[in-house]
Each structure stands twice: as C-alpha cells, then as structure tokens.
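Novice: Take this structure first; my questions come after.
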Amino acid sequence: MRSNSMFAYNLSLAMQSFKRAPTLYFLIMLTLSIGVGVLCANLALVNSMASDPIPEKSDKLIHISMNTWPGDQPPDEPMHILRYRDAMKIAESDIPKRSAVFYASGVYARDVDSTSMKRFDSTVRATTPGFFKLTNAPFAYGSAFEKSRGMEVVIGDDLNQKIFAGKNSVGKTLELDGELLTIVGVLKPWVLRPLFYHVTEGRAFNLTDDIYAPLETAIDLGWSIHARSSSADNYSGVEDTRDKNAYYLQAWVELDDIHQRSAMQSYLDNYSQQLKDAGEHPLATRNELHNVNEWLTEKKVVDQKVLAFTIASVLFLAVCIFNASSLLLSRFHAAKFEVGLRRALGASNRQMLMQGLTESVLLGLFTGAIALVLSWLFLKLSVQFLPRLANIAVLEPKLLVLGMLLALVTSIASALYPLYRANRYTISAELK
Amino acid sequence: MLKMNNISRIYQSDTIQTHALRDFSLNVKAGEFVAVTGPSGSGKSTFLNVAGLLDNFDRGQYELDGVSVQGLKDDELSRLRNEKIGFIFQNYNLIPDYSIFDNVDMPLRYRGFSASERKRRVEEALEKVGLASRLKYLPSQLSGGQQQRVAIARALAGEPKILLADEPTGNLDSLMARQVMEILHDLNKGGATIIMVTHDPDQAREVSRNVQVIDGQLADFRIYAPLDRSTGKTVSAAVKEEMADA
Ligand SMILES: Nc1ncnc2c1ncn2[C@@H]1O[C@H](COP(=O)(O)OP(=O)(O)OP(=O)(O)O)[C@@H](O)[C@H]1O
Ligand SMILES: [Mg+2]
C-alpha cells in the first residue's frame with residue numbers, strides 16, 4: 001500500500017518534471033531514441049540474417065556438394081550444384097529419411113478458367129516430392145504431389161492470393177508457359193528467413209516460391225529460365241541434360257539422426273570411388289556435407305557490412321547516452337533546490353533515487369516507443385536504398401521487446417551519473 | 001528534547017579550515033522557545049542545520065528526543081527529519097509551481113499516510129496559520145508573510161517534536177514579522193519546542209530563553225532579556241566581563 005502510493009507519487013513527479021522542461025526532455029528522448037532506433041534496425045537485419053529458419057531439425061538437414069566435374073577448368077571448390085546422375089544417386093540412397101533434389105526457374109502463370117489474359121511472373125521450384133516434408137512446407141489445402149513426374153503443381157500463398165484471391169484452388173488448372181497443370185496443393189503463408197534451401201546465387205532472402213512442380217516434368221517441359229547452371233558439355237535444352245555433364249541441381253537430405261552423417265559421407269565417397277575407378281572422376285574426391293547452419297555460415301549469409309555497421313551503431317548509441325547524460329545533468333542541477341528541500345523535509349536518499357529511477361523508466365518507455373517508430377522508418381529507408389533487404393528488414397516481436405528493453409537500459413544508464421551526483425548534494429547547501 | 005555535547009563542525013575547503021562550530025554544547029528541554037542570536041558568520045545556521053540533521057558534524061554527541069544521532073544511516077536520519085523536525089527557512093523555500101496544499105503536503109508524502117489523513121493534516125496545519133482558504137493558491141499569489149505561514153504549516157503538518165527556524169522573519173516587514181511571531185508564540189503555548197535564529201533583539205527578548213553564538217561557541221545561555229537594557233552593554237561584552245571576573 002505504502003510503496004504503491006509512493007510509486008504513484010513518483011510517477012506524478014516524473015510527469016511534472018517532463019512538463020517543467022519539455023524541450024529538454026524531448027531532446028533527451030530524441031537523442032536516445034535515434035541511438036536505440038538505429039541499433040534496433042541493425043539488429044533486426046542481423047536477426048533476420050543470423051536466425052535458424054528451421055530450428056526443429058536444422059542439424060539433420062544436410063546440403064551436399066560434390067567434386068565430380070569432369071572437364072577442363074575445374075572449380076576450386078566442390079560444387080553446390082550437381083548433375084542429374086549425381087543428384088539421382090543421392091535421391092536413391094536409403095540412408096536418409098528423405099531427400100529433395102531441385103532447381104529454381106520461372107514461368108508465367110494464369111488460371112485457364114479466367115477471362116483475363118493477365119499472366120503472373122512466378123518463381124518455380126522444380127523438385128522431387130521429398131521437398132515438402134523435408135522443409136516442413138505448411139499446407140493450407142490439398143497436399144504434395146507424390147511423384148517426380150506428372151502435370152501437377154503445388155502453389156504458394158502469394159500466388160494463390162493473386163490468382164484465386166486466397167480461396168481453395170485445389171483442382172483448378174493453371175496455364176504455365178502454355179502448359180496445363182493441375183493444382184494439388186496450396187501452401188499457407190510461408191516465411192523462411194533466410195531461405196535456407198536456396199541461399200546461393202544471392203537468393204538467401206528471397207521469398208518462398210510461387211510454384212512447386214515435379215522435377216522430371218519441369219525438365220521435360222524445358223523450364224530453365226533463371227536456373228543457375230554450369231556445363232562441361234553442349235546440350236540443346238534442359239530436357240537434354242539428364243545424361244550430360246550439366247550441373248544445376250541442388251540436393252538436400254534429411255537424416256533420422258546426426259550419426260547417419262558419416263554413413264552418408266561414405267555412401268558418397270564410395271560413389272566417387274566408383275566413378276574414379278571408371279576414370280570419370282578426375283578431381284580429388286571431395287564430398288562435402290553441411291547442415292543448415294553450417295551451410296548458412298559457409299555461404300556467409302550474414303552480411304559482414306551489416307555486422308560492422310551494427311558495431312558502429314553500438315558506439316553511436318554510447319555517444320547518445322553520454323549526450324543524454326549531460327543534458328540530464330543540467331536538468332538535475334536545475335532541480336538541486338527541490339532535491340535539497342525534499343531531503344530536508346524527510347525524503348531519504350533511497351527515496352530520491354527511486355524518484356529519479358521512476359522518471360528514467362518513464363522516459364525510457366517514451367523513448368522506446370519513439371525508437372521503435374524510428375527503427376521501422378530506418379528499415380523502410382534502407383529498403384529504399386538496398387532493395388535486396390526487402391524481405392529481411394522486418395521488426396519481429398522479439399525485436400520490439402528488445403528495442404523497449406534497450407531504451408529502458410539506455411535511459412537508466414544516462415541517469416546514473418546525474419543521480420549519483422544528486423545523491424551527494426549537501427542538503428543544506430541550497431536552502432537558506 | 002535536544003542535547004548537544006561538544007559538537008564540532010569543520011568546513012574544509014582547499015586552503016582554509018573553518019570551525020563553524022567548536023565544542024558546542026546545548027541542552028533544550030521540551031516546551032522551550034529558544035532564540036539564538038550572534039554576529040553574522042558565528043555559526044548559528046550551522047548549529048540549526050546540525051540540529052535539523054541537514055548537516056553532519058565532525059565530533060561530539062547529539063541526542064534528539066532520546067535518540068542518539070551519530071552513526072545513524074541515511075534512511076534513519078531521514079525518518080527522524082521527517083517525523084520529529086519541522087524546519088522553517090528564511091526564504092520560505094516553497095516550490096513555486098506547487099499549490100499551497102501540495103507544498104504543505106510534501107513532507108507527508110514521505111510518511112506513508114493515506115490520502116485522507118494527509119488532507120486532514122494539511123487543512124489543520126493551514127488552519128493554524130490562518131490560511132485554510134488558500135489551498136489552491138500558488139506561493140506567488142501570496143504575500144511574503146503568508147508564504148512564511150505556509151512554510152510554518154508545512155513544518156507543523158507532520159506534528160514534529162521540535163520546530164527549527166532560521167531567521168523566519170528575516171525577509172519580512174515588521175507587520176508581517178509580527179504575525180509570524182504570534183503564530184510561533186501560539187504554537188509554543190500549545191506545547192511546541194522551538195529554536196529560532198534571529199537578528200532581532202526584540203524577538204529574542206520575547207522568548208523563554210536566549211542563547212548567543214560567538215565564533216562557533218555558545219556564549220551565554222541565561223535568560224537575559226533585562227540584561228542589556230539594564231547595563232547598556234552588549235551581551236558579548238557582558239560575557240567577557242564575567243569571564244574576566246571568574
Ligand atoms: N558550506 C560551507 N562551506 C564552508 N564554510 C561554510 C559553509 N557554511 C558555512 N560556512 C562558514 O561557517 C561559518 C558559520 O556560518 P553560518 O552560516 O553558520 O553563520 P551564521 O551565524 O548563520 O551567519 P548569518 O547570521 O550571516 O546567517 C562562517 O564562517 C561560514 O563562512
Ligand atoms: Mg545564518
């Protein structure tokens with residue numbers, strides 16, 4: 001009861017203090033919230049870049065790179081893209097629980113039943129069916145296709161919104177680059193940040209795909225636009241690549257437990273040895289397995305520049321705190337008389353400290369609110385300059401909380417020295 | 001009520017040491033009205049500040065209402081200040097943007113009283129100084145004398161054991177000073193113990209006891225109202241003579 005009413009009194013004193021020197025407190029809030037806002041915006045970027053997009057099994061999902069290049073000008077490192085026969089060798093292994101072999105492409109899509117001729121530029125993932133369970137793709141309607149061949153597709157929420165206004169479109173037919181494929185599944189909104197299954201080619205922060213098509217069918221249809229490939233042979237089109245030394249497929253496997261990793265490694269090494277024995281593996285055997293986080297690290301998904309900027313913004317925040325602190329010092333100095341008077345009338349140092357801290361906390365809350373708005377603005381602004389940040393410049397709830405906490409901590413930190421000073425005033429000095 | 005024994009207070013600056021109080025001893029009983037006089041810079045305010053626990057001291061013992069003060073922690077000192085002492089300053093020291101009510105209420109806030117108890121006490125205290133009708137006024141809307149009466153009400157509201165006043169009429173013209181003195185006398189008749197620093201010999205004569213501070217020491221603590229009138233000598237001269245006689 002007593003401490004409650006003391007708290008209420010301290011709150012009212014804090015509000016009074018703000019009203020007495022509104023400009024000064026506004027400056028302090030602005031100073032601190034710019035510092036917190038910039039840091040928070042940076043942390044939002046780092047958070048998006050550095051987070052584990054599939055924590056429940058990121059250690060069991062393994063990306064495979066191989067070194068089977070047969071021609072001249074071999075790559076320095078094992079390649080993250082594989083040729084068809086290597087990828088199929090992985091897909092047919094029964095060591096992992098499941099696997100996904102895929103490449104990325106693009107098509108123009110429209111609903112065949114639509115009167116409009118408008119076509120939507122859509123990203124396509126041409127994949128084996130294992131992809132959906134491996135990535136925990138969330139289905140809203142229908143289900144995955146079951147074979148790697150068939151005129152069927154799964155579509156993402158975005159495209160379903162655009163073409164079918166978000167309704168259940170299972171059973172509808174899409175015209176994709178002139179071919180008719182039936183929708184068998186529709187995904188829920190699906191955010192993967194980073195897009196772990198495809199972090200290469202600068203796609204780490206792309207959205208999940210619009211269309212998921214059976215791999216063999218996509219190859220047969222010759223869908224290859226936007227696909228990243230390297231080839232040691234000549235070929236006419238993607239449909240002609242199955243027995244060529246054309247590298248364009250990525251392979252992931254999901255292990256039951258991480259101990260199967262070495263079994264998978266030997267399986268691949270055996271395969272390479274067979275190739276070597278047949279004179280088809282001129283390079284050293286280097287089959288590399290990376291789990292999700294290893295793969296994100298390997299591919300430097302966290303931008304070093306952003307990290308450097310984060311350190312800079314921590315320093316900037318420190319400068320803001322010093323600034324706010326000196327402003328507060330002048331404010332406390334001006335309030336010396338009242339501090340002395342309250343002490344003379346019976347307030348203890350502890351009570352004065354609580355009064356000061358209450359003011360700081362309140363200031364911190366206001367600062368936090370402004371800081372979050374500012375960091376949202378900073379993120380918007382940075383997307384203007386760096387459009388590739390668009391999908392990572394997001395303030396997740398935990399960052400809102402972090403921003404608030406940061407604001408509170410900085411506000412209290414700026415008040416520490418002034419409070420310490422105020423606590424050492426001689427009571428009688430200001431009272432005559 | 002108040003017992004000081006060989007109190008010393010030394011102000012230490014870079015170059016000089018000032019003995020504001022040296023071996024200062026004084027005993028004030030409950031119900032006394034003590035006037036403290038003495039030349040400027042002699043240590044009167046320092047004594048009052050030490051007595052009011054606004055300033056610490058370097059040596060000696062001080063007992064306030066049976067509580068030995070030395071070695072107490074800040075919390076305990078603040079409690080004593082809050083509950084046992086009412087301080088009245090020369091400059092009133094009211095907070096200018098607080099209403100009269102809020103000014104008087106301020107010490108009660110640190111006492112943990114309920115809102116209704118605080119209201120009762122504030123109104124009662126303002127009643128005693130004749131300002132019950134000015135609750136909502138700001139200090140600047142009152143005369144100096146009225147402001148000092150508000151300050152007295154603030155000192156009274158916590159029902160302290162002892163009132164300490166440092167030249168309470170120093171800023172007031174004689175009429176307003178008169179009103180303030182009458183209030184203090186009324187309070188004293190009602191049982192309050194009061195120690196008041198003053199430069200006004202007339203005020204000093206009115207009270208039950210008079211002490212003089214010279215050079216940080218107590219010069220004389222007899223009731224001396226008739227003394228300087230009859231001899232025509234200053235008090236300190238009288239003291240010197242006495243000391244020479246001894
Ligand atoms: N904070 C301080 N620091 C240093 N010296 C001080 C301080 N306060 C008082 N003094 C010195 O202590 C001595 C006593 O001062 P004090 O204020 O008690 O005198 P006073 O009797 O109240 O004088 P006045 O009648 O002018 O109010 C003076 O010499 C003064 O200069
Ligand atoms: Mg003085």
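Novice: Conditions: (1) more than 16 Å from ligand 1 (Cβ to nearest atom); (2) β-branched (V, I, T); (3) more than 20 Å from the chain's Cα centre (by Cα). A:T426 meets all but one. Number of the miss?
Specialist: (1)
Novice: Could I ask something else about it? Give the residues of segment B:40-65 that are basic (K, R) and within 7 Å of ligand 1 (Cβ to nearest atom), sorted by residue number. Working first, answer last.
Specialist: Pass one, segment B:40-65, residues basic (K, R): B:44, B:59.
Of everything in segment B:40-65, just one residue is basic (K, R) and within 7 Å of ligand 1 (Cβ to nearest atom), namely B:K44.
Novice: From the list A:P75, A:P96, exactly one residue is over 23 Å from A:T310 (Cβ atoms) and at pLDDT below 90. Which is it?
Specialist: On the way: A:P96 fails: at pLDDT below 90.
Unique residue meeting the criteria: A:P75.
Novice: Moving on. Any idea which residue in segment B:192-212 is surrounded by the most Cβ atoms within 10 Å (Cβ to Cβ), counting only those that are within 16 Å of ligand 2 (Cβ to nearest atom) and assigned to a helix (DSSP H, G or I)? Write out each step before concluding.
Specialist: Taking segment B:192-212 as the starting set, the residues that turn out to be within 16 Å of ligand 2 (Cβ to nearest atom) are B:195-200, B:203-204, B:211-212.
Adding the requirement that they be assigned to a helix (DSSP H, G or I) leaves B:203-204.
Details: B:Q203: 21, B:A204: 23.
Among them, the one singled out is B:A204.
Novice: Inspect segment A:376-395 for any residue being within 14 Å of chain B (Cβ to nearest Cβ) and buried (at least 19 other Cβ atoms within 10 Å of the Cβ) and give the result as yes or no.
Specialist: Step one: filter segment A:376-395 for residues within 14 Å of chain B (Cβ to nearest Cβ), giving none.
No, segment A:376-395 contains no residue that is within 14 Å of chain B (Cβ to nearest Cβ) and buried (at least 19 other Cβ atoms within 10 Å of the Cβ).
Novice: I'd like to verify a number: residues in segment A:156-176 that are surrounded by 17 or more Cβ atoms within 10 Å (Cβ to Cβ) and either of a type in the set (S, T, N, Q) or under 15 Å from A:W223 (Cβ atoms) (or both), how many?
Specialist: Number satisfying all stated conditions: 5.
Novice: Turning to a different aspect of this structure: Looking for something within 16 Å of ligand 2 (Cβ to nearest atom) and either away from chain A (no Cβ under 14 Å) or crowded, with 18+ Cβ neighbours inside 10 Å (or both) - is there at least one such residue anywhere in segment B:118-133?
Specialist: no
Novice: Quick one: would you say A:A371 is crowded, with 20+ Cβ neighbours inside 10 Å, away from chain B (no Cβ under 14 Å) and either at pLDDT below 90 or under 30 Å from A:L192 (Cβ atoms) (or both)? Lay out the reasoning, then the answer.
Specialist: Numbers: crowded, with 20+ Cβ neighbours inside 10 Å: yes; away from chain B (no Cβ under 14 Å): yes; either at pLDDT below 90 or under 30 Å from A:L192 (Cβ atoms) (or both): yes.
Considered against the rule, which asks whether it is crowded, with 20+ Cβ neighbours inside 10 Å, away from chain B (no Cβ under 14 Å) and either at pLDDT below 90 or under 30 Å from A:L192 (Cβ atoms) (or both), A:A371 comes out as yes.
Novice: If you take the residues in segment B:26-49 that are aliphatic (A, V, I, L, M) and within 11 Å of ligand 2 (Cβ to nearest atom), which one is farthest from B:N188 (Cα to Cα)?
Specialist: Filtering segment B:26-49 for residues aliphatic (A, V, I, L, M) gives B:26, B:28, B:30, B:34-36, B:48.
When the remaining residues are screened for being within 11 Å of ligand 2 (Cβ to nearest atom), the result is B:36, B:48.
Working: B:V36: 16, B:L48: 18 Å.
Per the stated criteria, the residue is B:L48.
Novice: Here's another thing I want to ask about it. For segment B:1-10: of the residues being more than 14 Å from every other protein chain (Cβ to nearest Cβ) and touching a helix residue (DSSP H, G or I) at 6+ places or on another chain (Cβ under 8 Å), which is farthest from ligand 1 (Cβ to nearest atom)?
Specialist: Here the residue is B:L2.
Novice: Here's another thing I want to ask about it. Against the definition (free of Cβ contacts under 8 Å to residues at least 12 places away in the same chain and β-branched (V, I, T)), how does A:T208 come out, yes or no? I'd like the intermediate steps shown before the answer.
Specialist: Details: free of Cβ contacts under 8 Å to residues at least 12 places away in the same chain: no; β-branched (V, I, T): yes.
When the stated conditions are applied, A:T208 does not pass them.
Novice: Look at B:F24 and say whether it is within 14 Å of another protein chain (Cβ to nearest Cβ) and in a strand (DSSP E or B).
Specialist: It is false that B:F24 is within 14 Å of another protein chain (Cβ to nearest Cβ) and in a strand (DSSP E or B).
Novice: If B:V104 satisfies all but one of (1) within 13 Å of another protein chain (Cβ to nearest Cβ); (2) over 13 Å from B:G158 (Cα atoms); (3) crowded, with 16+ Cβ neighbours inside 10 Å, what's the number of the condition it fails?
Specialist: Exception for B:V104: condition (2).
Novice: Something else: Would you be able to say whether some residue in segment B:107-114 is touching a Leu at 6+ places or on another chain (Cβ under 8 Å), farther than 16 Å from B:P160 by Cα and not aliphatic (A, V, I, L, M)?
Specialist: As a first pass, look at segment B:107-114 and keep what is touching a Leu at 6+ places or on another chain (Cβ under 8 Å): B:107, B:110.
Next, from what is left, pick out any that are farther than 16 Å from B:P160 by Cα: none.
Taking every residue of segment B:107-114 in turn, none turns out to be touching a Leu at 6+ places or on another chain (Cβ under 8 Å), farther than 16 Å from B:P160 by Cα and not aliphatic (A, V, I, L, M).
For (1) at pLDDT 90 or above; (2) more than 24 Å from B:T169 (Cβ to Cβ); (3) within 9 Å of chain A (Cβ to nearest Cβ); (4) exposed (fewer than 14 other Cβ atoms within 10 Å of the Cβ), each residue gets a yes or a no:
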| residue | (1), (2), (3), (4) |
| --- | --- |
| B:V34 | yes, no, no, no |
| B:T37 | yes, no, no, no |
| B:T46 | yes, no, yes, no |
| B:N49 | yes, no, yes, no |
| B:R59 | yes, yes, no, no |
| B:D65 | yes, yes, no, no |
| B:R81 | yes, no, yes, no |
| B:F87 | yes, no, yes, no |
| B:R109 | yes, yes, yes, no |
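Novice: Additional query: Report yes if some residue within segment B:68-81 is within 12 Å of ligand 1 (Cβ to nearest atom) and either more than 19 Å from the chain's Cα centre (by Cα) or not in a strand (DSSP E or B) (or both); otherwise report no. Break it down into steps so the answer makes sense when it comes.
Specialist: Within segment B:68-81, the first condition is being within 12 Å of ligand 1 (Cβ to nearest atom), and the residues that meet it are none.
No, segment B:68-81 contains no residue that is within 12 Å of ligand 1 (Cβ to nearest atom) and either more than 19 Å from the chain's Cα centre (by Cα) or not in a strand (DSSP E or B) (or both).
Novice: OK, next. Out of curiosity, is B:S13 crowded, with 21+ Cβ neighbours inside 10 Å and within 14 Å of another protein chain (Cβ to nearest Cβ)?
Specialist: On the way: crowded, with 21+ Cβ neighbours inside 10 Å: no; within 14 Å of another protein chain (Cβ to nearest Cβ): yes.
The answer is no for B:S13.
Novice: Take the residues in segment A:321-343 that are within 10 Å of chain B (Cβ to nearest Cβ) and of a type outside the set (G, A, S); name whichever of them is farthest from the chain's Cα centre (by Cα).
Specialist: Per the stated criteria, the residue is A:L341.
Novice: Mind counting the residues in segment B:16-67 that are among the small types (G, A, S) and within 12 Å of the chain's Cα centre (by Cα)? Steps first, answer last, please.
Specialist: Keep residues of segment B:16-67 that are among the small types (G, A, S), which gives B:20, B:25, B:30-31, B:35, B:38, B:40-43, B:45, B:51-52, B:60, B:66.
Checking which are within 12 Å of the chain's Cα centre (by Cα) leaves us with B:35, B:45, B:51-52.
Residues meeting the conditions: 4.
Novice: A follow-up question, please. Take segment B:91-101 and flag every residue that is of a type in the set (S, T, Y) and surrounded by 19 or more Cβ atoms within 10 Å (Cβ to Cβ). Even if it seems obvious, please write down each step before you answer.
Specialist: Keep residues of segment B:91-101 that are of a type in the set (S, T, Y), which gives B:92, B:98-99.
B:Y92 - this is the single residue of segment B:91-101 that is of a type in the set (S, T, Y) and surrounded by 19 or more Cβ atoms within 10 Å (Cβ to Cβ).
Novice: Let me ask you something else. Kindly indicate which of A:K172, A:K118, A:K162, A:K133 is free of Cβ contacts under 8 Å to residues at least 24 places away in the same chain and among the basic types (K, R).
Specialist: After ruling out the rest, the residue left standing is A:K118.
The values are calculated or read from the model by the stated rules, or taken from the named source; none is laboratory data. This one's a predicted model, so the numbers in the text were calculated from it and none came from an experiment. Note that we place each Cβ from the backbone using ideal geometry, even for glycine, and neighbour counts take in every protein chain shown.
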